[in-house]
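To keep things clear, I will list the structure first and then write my remarks on it.
The values are calculated or read from the model by the stated rules, or taken from the named source; none is laboratory data. Small disclaimer: the values here were computed from a predicted structure and weren't measured. FYI the Cβ positions are ideal-geometry reconstructions off the backbone, even for glycines, and counts take in every protein chain you see. SASA here: full protein model, heavy atoms, side chains in, ligands and nucleic acids out. Shrake-Rupley method; radii C 1.70, N 1.55, O 1.52, S 1.80 Å.
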Amino acid sequence: FAWVRSQRKSACGSCTNKAHCSSIDGGRQMLVKVNNDLNAQKGDSVEFYLNSAFLLKCTFIIYMIPVLGLITGAISASPIANLIGMSHSFALVLLTLSGFLGAVLLSRVLIHQQTDSERFLPTIKRVF
């Protein structure tokens, strides 16, 4: 792998792969850890990219899993309330929040597993 100096963009704050970056020069530039399959040398200008399939997978994990947890909690509220004799309204609030919070925690675990892997690092595409 190699460390590449890059201009910081506004999207950096929400990037799921920011664990592989470091801010330098007062936050205007970033040091990005990238796969160096093209054997770029120090001082070379490079173009690098992040796999779009990886971005889509992380987007799904971040946005859809919490929504699915929310829906699952809401749908399961009525049967569980009937089963244990709880108020339907209270069960709806309790299980919807529980499903959402559980899904958010699951999303965090899954994202950390994805971003800790070296195979999902940005890759140098071209050396100038």
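Within the stretch 33-52, the set of residues being aliphatic (A, V, I, L, M) and at pLDDT 85 or above comprises VAL34, LEU38, ALA40, VAL46.
Using the structure shown, decide if LEU56 is open to solvent by 80 Å² or more (accessible area, probe 1.4 Å) and more than 28 Å from ARG119 (Cα to Cα). So LEU56 does not fit the description; no.
When LEU106, LEU121 are screened for being under 27 Å from the mean Cα position of the chain (by Cα), surrounded by 13 or more Cβ atoms within 10 Å (Cβ to Cβ), closer than 27 Å to VAL4 by Cβ and not acidic (Asp, Glu), only LEU121 passes. Against the conditions (1) open to solvent by less than 30 Å² (accessible area, probe 1.4 Å); (2) more than 24 Å from GLN7 (Cα to Cα); (3) in contact (Cβ under 8 Å) with a residue 40 or more places away in the chain, GLY99 satisfies every one except (3).
As for the stretch 83-94, it holds at least one residue that is of a type outside the set (Asp, Glu), open to solvent by 50 Å² or more (accessible area, probe 1.4 Å) and at positive phi.
For the stretch 40-49, state whether one or more residues are among the aromatic types (Phe, Trp, Tyr), open to solvent by 50 Å² or more (accessible area, probe 1.4 Å) and touching a helix residue (DSSP H, G or I) at 6+ places or on another chain (Cβ under 6 Å). No - not one qualifying residue is present in the stretch 40-49. Residues in the stretch 26-56 that are under 13 Å from PHE120 (Cα atoms) and without any contact (Cβ under 8 Å) to a residue 40 or more places away in the chain: SER52, ALA53, LEU55, LEU56. Of all residues in the stretch 18-32, those that are touching a Lys or Arg at 6+ places or on another chain (Cβ under 7 Å), open to solvent by less than 80 Å² (accessible area, probe 1.4 Å) and modelled with pLDDT of 70 or more total 3.
One line per residue, one yes/no per condition, for (1) within 30 Å of GLU47 (Cβ to Cβ); (2) part of a helix (DSSP H, G or I); (3) not basic (Lys, Arg):
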site	(1), (2), (3)
TYR63	yes, yes, yes
LEU68	no, yes, yes
GLY73	no, yes, yes
PHE90	no, yes, yes
LEU95	no, yes, yes
GLY102	no, yes, yes
LEU105	no, yes, yes
LEU110	yes, yes, yes
ARG126	yes, no, no
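As a summary of the residue check, PRO79 satisfies the conditions (1) surrounded by 17 or more Cβ atoms within 10 Å (Cβ to Cβ); (2) of a type outside the set (Lys, Arg); (3) out of contact with any Leu (no Cβ under 9 Å at 6 or more places or on another chain) except for the one numbered (1).
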